[in-house]
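What follows is a set of notes on a single structure, which appears directly below.
The values are calculated or read from the model by the stated rules, or taken from the named source; none is laboratory data. These numbers come from a predicted model, not from an experiment. Methodologically, a virtual Cβ is constructed for each residue, glycine included, from the backbone with ideal geometry; neighbour enumeration extends over all protein chains shown. Protein only, heavy atoms only, side chains kept; ligands, DNA and RNA dropped before computing areas. Shrake-Rupley method; radii C 1.70, N 1.55, O 1.52, S 1.80 Å.
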Amino acid sequence: MSNSPRTAGDLFVIAAASGTGKTSLIAALLERCPRLALSVSDTTRPARRGEIDGQHYRFIDVDSFRRGIADRRYLEHAEVFGNYYGTSRDEVEKHWAEGRDVLLEIDVQGAAQVRRAHADVCTIFILPPSMAALGERLHGRGLDEPEVIARRLDEARREIGACGDFDWLVVNDDFERTVDELVGIVNAWPLRRARQYWRVKQLLDEEANPITIDPDRS
Ligand code: 5GP
């Protein structure tokens, strides 16, 4: 980090248990942060009604996905509810080359892999205000059978159990305030000392008594 100025954009991960309102929060965040590009994942799950190939996901078959894993095409990949999902390296690098920052909306297994590959990633976990509120939300959607809801709640507990590994925890108890908090994190992230080092170096060197800062000190 300290040896050369940074050329790539930032990388953000947002994870949440299903039913936490993640999709609408991310849509509002993207509207407020135009530099941020949402990475389109590959998946082997069938498209749901209204989903567009190449826009919501790239829908591919299991053989193509497995070939992608063997060819190291994925920055991270995971099996979620019996289907494969993965972030392709090309997709992330394409956005960086365009001068954008990249947002990955992925599960906690994928977030752990990204953390290992990119020490500098910003990871955000969105929590429901309570498990009761999450249960009500999942029931209220009216999309699933009771057994499916029970399974999603178990899965949610497991995912929430991993939130201690994330840099930022945001509780979605008020939509507008939660969006403000996400925007605040995304805007503050590039201002960390390690990232500002090259920007402020010249200014610090110009001082009569040059000031030294260690970009790597945590
Ligand atoms: P859904 O099928 O409902 O769109 O997504 C199911 C889960 O898979 C969600 O938790 C979503 O965040 C996660 N997911 C979507 N894309 C990816 C991906 O590229 N990698 C990983 N690890 N998880 C993903």
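Can you tell which of 116, 137 is without any contact (Cβ under 8 Å) to a residue 60 or more places away in the chain and either in contact with a Cys (Cβ under 7 Å, 6 or more places away or on another chain) or open to solvent by 40 Å² or more (accessible area, probe 1.4 Å) (or both)? Lay out the reasoning, then the answer.
Details: 137 fails: without any contact (Cβ under 8 Å) to a residue 60 or more places away in the chain.
Answer to the selection: 116.
Restricting segment 50-97 to residues that are in contact with an Asp or Glu (Cβ under 9 Å, 6 or more places away or on another chain) and at pLDDT below 95, which is surrounded by the most Cβ atoms within 10 Å (Cβ to Cβ)?
80
Does segment 147-159 include one or more residues that are out of contact with any His (no Cβ under 8 Å at 6 or more places or on another chain), of a type in the set (Asp, Glu) and over 30 Å from residue 120 (Cβ atoms)?
Within segment 147-159 (the criterion being out of contact with any His (no Cβ under 8 Å at 6 or more places or on another chain), of a type in the set (Asp, Glu) and over 30 Å from residue 120 (Cβ atoms)), the answer is yes, since at least one residue qualifies.
Residue-by-condition table, conditions (1) more than 8 Å from the ligand (Cβ to nearest atom); (2) touching a residue at least 12 places away in the same chain (Cβ under 8 Å):
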site: 28; (1), (2): yes, yes
site: 32; (1), (2): yes, yes
site: 39; (1), (2): no, yes
site: 44; (1), (2): yes, yes
site: 50; (1), (2): yes, no
site: 56; (1), (2): no, yes
site: 67; (1), (2): yes, no
site: 78; (1), (2): no, yes
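Is it the case that segment 5-18 has a residue that's touching an Asp or Glu at 6+ places or on another chain (Cβ under 7 Å), open to solvent by 50 Å² or more (accessible area, probe 1.4 Å) and not in a loop (DSSP other than H, G, I, E, B)?
no
Just give me the residues in segment 100-113 being more than 8 Å from the ligand (Cβ to nearest atom) and either among the basic types (Lys, Arg) or open to solvent by 40 Å² or more (accessible area, probe 1.4 Å) (or both), in sequence order.
Of everything in segment 100-113, just one residue is more than 8 Å from the ligand (Cβ to nearest atom) and either among the basic types (Lys, Arg) or open to solvent by 40 Å² or more (accessible area, probe 1.4 Å) (or both), namely 100.
Quick check on segment 159-199: of everything there that is out of contact with any Lys or Arg (no Cβ under 9 Å at 6 or more places or on another chain) and among the β-branched types (Val, Ile, Thr), which residue is farthest from residue 112 (Cα to Cα)?
178
Only one of these is free of Cβ contacts under 8 Å to residues at least 40 places away in the same chain, closer than 22 Å to residue 76 by Cα and surrounded by fewer than 12 Cβ atoms within 10 Å (Cβ to Cβ): 161, 142. Name it. Walk me through it before giving the result.
On the way: 142 fails: closer than 22 Å to residue 76 by Cα.
On inspection, the qualifying residue turns out to be 161.
If I ask for residues that are open to solvent by 50 Å² or more (accessible area, probe 1.4 Å) and either of a type in the set (D, E, K, R) or at pLDDT below 85 (or both), which ones from segment 145-154 would you list? If you could, list the steps in order and put the result at the bottom.
To start, the set of residues in segment 145-154 that are open to solvent by 50 Å² or more (accessible area, probe 1.4 Å) comprises 145-147, 150-151, 154.
Once the filter is applied, which keeps residues that are open to solvent by 50 Å² or more (accessible area, probe 1.4 Å) and either of a type in the set (D, E, K, R) or at pLDDT below 85 (or both), segment 145-154 yields 145, 147, 151, 154.
Of the residues 177, 151, 137, only one is over 18 Å from the mean Cα position of the chain (by Cα) and within 18 Å of residue 29 (Cα to Cα); which? Talk me through it step by step, then tell me what you get.
On the way: 151 fails: within 18 Å of residue 29 (Cα to Cα); 137 fails: within 18 Å of residue 29 (Cα to Cα).
The match here is 177.
Run residue 134 past the list (1) more than 14 Å from residue 38 (Cα to Cα); (2) in contact with a His (Cβ under 9 Å, 6 or more places away or on another chain) and report the number of the one that doesn't hold.
Going through the list (1) more than 14 Å from residue 38 (Cα to Cα); (2) in contact with a His (Cβ under 9 Å, 6 or more places away or on another chain), residue 134 breaks only (2).
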